[in-house]
Structures are given as C-alpha cells and as structure tokens.
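Working notes, structure below.
The values are calculated or read from the model by the stated rules, or taken from the named source; none is laboratory data. All figures in this text were calculated on a predicted structure; none of them were measured in a lab. Here the Cβ is made from the backbone with ideal geometry for all residues, glycine too, and neighbour counts use every protein chain on show.
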Amino acid sequence: MRVGFVGLGSMGRPMAGALLRARHEVIAWNRTPGRAEALRGEGAAVAATPAEAARAGVAISMLADDAAADAATGGPDGIRAGLPQGGVHVSMSTLAPDTIERLARDHAAAGQALIAAPVFGRPEAAAAAKLFVVAAGPRDAVDRVRPLLDAMGQRTFLLGEEPAQASLVKLAGNFMLTAAIEALAESLALVEKAGIDRAAFLEVLTETLFAAPAYRTYGRVLLEDRFSPPGFRLPLGAKDNRLWLAAGERHAVPLPLASLVRDRMLAALARGWGDLDWSSFGRIAAEDAALPRRSTTLAERGP
C-alpha cells in the first residue's frame, strides 16, 4: 500500500521502518529533513511537505503534541491539503480528545476521514513491530488501513467510529502507567530504607501478583535509575498528564492520583530532568527518603 508518513521521531522512525519491511511504499516527511533522508536508504521516498506525503491517499502522522499535529495537518502544505477526496488520515499521536474531534470535523468537511490510532509501546516495541494499536474512526476507513496498522503492531483494538474515544483510552493507559511508576517508586524507597534487597523485592512482585509489562519494565528502570536514553521523554509525559486532567475536568471526574503525578512530574522538571525518561519522576520518592542516587545521569543534573 502507498502511504505518507509524517513525523519521524523516536516512535515514528521505527514505525515507518516496520511499514517498509512489510513491503509498503512509504513517502516520508519530517520537520528535520535529515530524519526522512535517513529512511531513503531503506526504500522510502522523501516528501518536501506533509501535503506531498499525503497525496498517497493515506497519511499516517506520529507527532509530539497537539501543536505539532495542527501545524502538520492544516494550511496549504498540510496533510489535509494534500489528501485527495476520500483520503484517510491516521493520527497515531497522543492528542487531546478535543483536538481529535476538531481534526475529524475538518477532514469530514474536506471529504476525508480521520482515524485516531494511538499506540501502547516504547521505541523498542515499535522497532520490533510489537506495538498495541487502539483505533477508532469510520469503519470503512479503518478496514482500508488495517494492513498498515497490522504491519506496525502485534494487535489492533477497535473502539468504534468516534476517533476521540481512542484518544481518551490512550490517555487513560498512560495515566495508569504513571500510577504504576509512582507505586513502584514509593514501595522501592520504603523497602530499601528498611534494609530489604530491592532487586529481591522486585522479583517477588513481578513473579507473583504483578507479573505485567508495566511493573517489569518500569520496576527495572527504577531499580537501576536508568532514565537515559529516554524511551518517552518527561515533558511528553507531563503533556499527557495535563490532557488527562483536562478530560477529567470536562467530564466532571475528580482525578486525585493524576494530580499527585502532575506535581511529581513538575518537581522532576524543576530539577532539570526534561531530557530524561518520563519515569524519572519516580526518583522523587527516593529523594524524599534521603536515599542515594545510583545514576550518574541524575547526579550530573544537581538537586
């Protein structure tokens, strides 16, 4: 299938690579042209604008935030301008439900379809085509792009025809990951202060009641203070937390745990950890307990 791919960051680059390995024809665009040029050697064509990439008839976007999505979608050089009538835009970014609703209306007015298809998984899962895709949008459009989704992930979950529903589910999943990180961080701090071997404690957890990827992955990251290179940078995690809190306010649902996570993330950003993994906010629990750092990466950043 011929597809435009817009956004080649830490997730988009391996996702586009998975499409190429599955023998799809990829026309790539990135704000920093060098990232797109790097894909040329793998068989991708390079577009000068998002509009040019979108002329393929199907365009996938994987962008950092709502502002980047708006910039790449709108205007004379944007995805919407390049998509033909009947074209499909697959937004795989983590965006606000309000933004997804607005983009869906704008595409519909242009005779196009928007699918929201955010993913669960870190860059290594993207490189292995092992992402979990959560998709919502017009069913005929979803069926049309299903081979692309299947090429990038190990399973696609269909949530209905309202694209914003996929966005909200993705934000919920990210919030639950941050809750797991905070619970792990607090628990590790206490057992260490009590003289219990942290690695043995984590093995007990992950081999019994908490044998889940979230606890295994982030438990090991916290155990080793291994926050660099980041799989998902802290400012992006803070952005998702803000979007989740805004959704709670919109629907009149209090989210007290999300508010705690917000404060932890702000404290981590205030320490200069903005280029570290989002799980670095879990280190705050250890610092509150006056426990020593294990990471030279953190030590270099001061308090």
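Do we find a residue being closer than 15 Å to residue 126 by Cβ and not hydrophobic (A, V, I, L, M, F, W, C) anywhere in segment 37-51?
Narrowing segment 37-51 to residues closer than 15 Å to residue 126 by Cβ: 39, 42.
From what is left, the residues that are not hydrophobic (A, V, I, L, M, F, W, C) are 42.
Checking segment 37-51: at least one residue is closer than 15 Å to residue 126 by Cβ and not hydrophobic (A, V, I, L, M, F, W, C).
Any residue that is charged (D, E, K, R) and closer than 25 Å to residue 25 by Cβ - is there at least one of those in segment 70-85? Step through it out loud before you land on a result.
Filtering segment 70-85 down to residues charged (D, E, K, R) leaves 70, 77, 80.
From what is left, the residues that are closer than 25 Å to residue 25 by Cβ are 77, 80.
Yes, segment 70-85 contains at least one residue that is charged (D, E, K, R) and closer than 25 Å to residue 25 by Cβ.
Applying the set (1) touching a Ser or Thr at 6+ places or on another chain (Cβ under 6 Å); (2) closer than 23 Å to residue 172 by Cβ to residue 225 leaves exactly one unmet item: (2). Scanning segment 160-196 for residues that are surrounded by 18 or more Cβ atoms within 10 Å (Cβ to Cβ) and either in a loop (DSSP other than H, G, I, E, B) or at pLDDT below 95 (or both) yields a count of 0.
Is it the case that residue 157 is assigned to a helix (DSSP H, G or I) and among the aromatic types (Phe, Trp, Tyr)? No. Cβ separations smaller than 6 Å between residues 6+ apart or across chains give the following pairs from segment 6-21 residues that are in contact (Cβ under 8 Å) with a residue 24 or more places away in the chain and crowded, with 24+ Cβ neighbours inside 10 Å to residues that are in a loop (DSSP other than H, G, I, E, B) and not aliphatic (A, V, I, L, M): 8/30.
Taken over segment 35-75, the criterion of being of a type in the set (A, V, I, L, M), under 25 Å from residue 133 (Cα atoms) and surrounded by fewer than 16 Cβ atoms within 10 Å (Cβ to Cβ) is satisfied by 67, 71.
Residue-by-condition table, conditions (1) touching a residue at least 60 places away in the same chain (Cβ under 8 Å); (2) in contact with a Pro (Cβ under 8 Å, 6 or more places away or on another chain); (3) surrounded by fewer than 21 Cβ atoms within 10 Å (Cβ to Cβ); (4) not assigned by TED's automatic domain parsing to the domain that holds residue 93:
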residue: 135; (1), (2), (3), (4): no, no, no, no
residue: 140; (1), (2), (3), (4): no, no, yes, no
residue: 143; (1), (2), (3), (4): no, no, yes, no
residue: 148; (1), (2), (3), (4): yes, no, no, no
residue: 154; (1), (2), (3), (4): no, no, yes, no
residue: 157; (1), (2), (3), (4): no, no, yes, no
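Close Cβ contacts (under 8 Å, 6 or more residues apart or on different chains) running from residues in segment 266-288 that are farther than 10 Å from residue 227 by Cβ to residues that are outside any loop (DSSP other than H, G, I, E, B) and of a type in the set (Val, Ile, Thr) comprise 267/284. Look at (1) more than 22 Å from the chain's Cα centre (by Cα); (2) in a loop (DSSP other than H, G, I, E, B) and you find that residue 223 fails only one, number (2). Reported count of residues in segment 197-210, each being of a type in the set (Phe, Trp, Tyr) and either over 26 Å from residue 128 (Cα atoms) or crowded, with 21+ Cβ neighbours inside 10 Å (or both), is 1. Screening the candidates 75, 82 for the property of being on the phi > 0 side of the Ramachandran plot and in contact with a helix residue (DSSP H, G or I) (Cβ under 9 Å, 6 or more places away or on another chain) yields one hit, 75.
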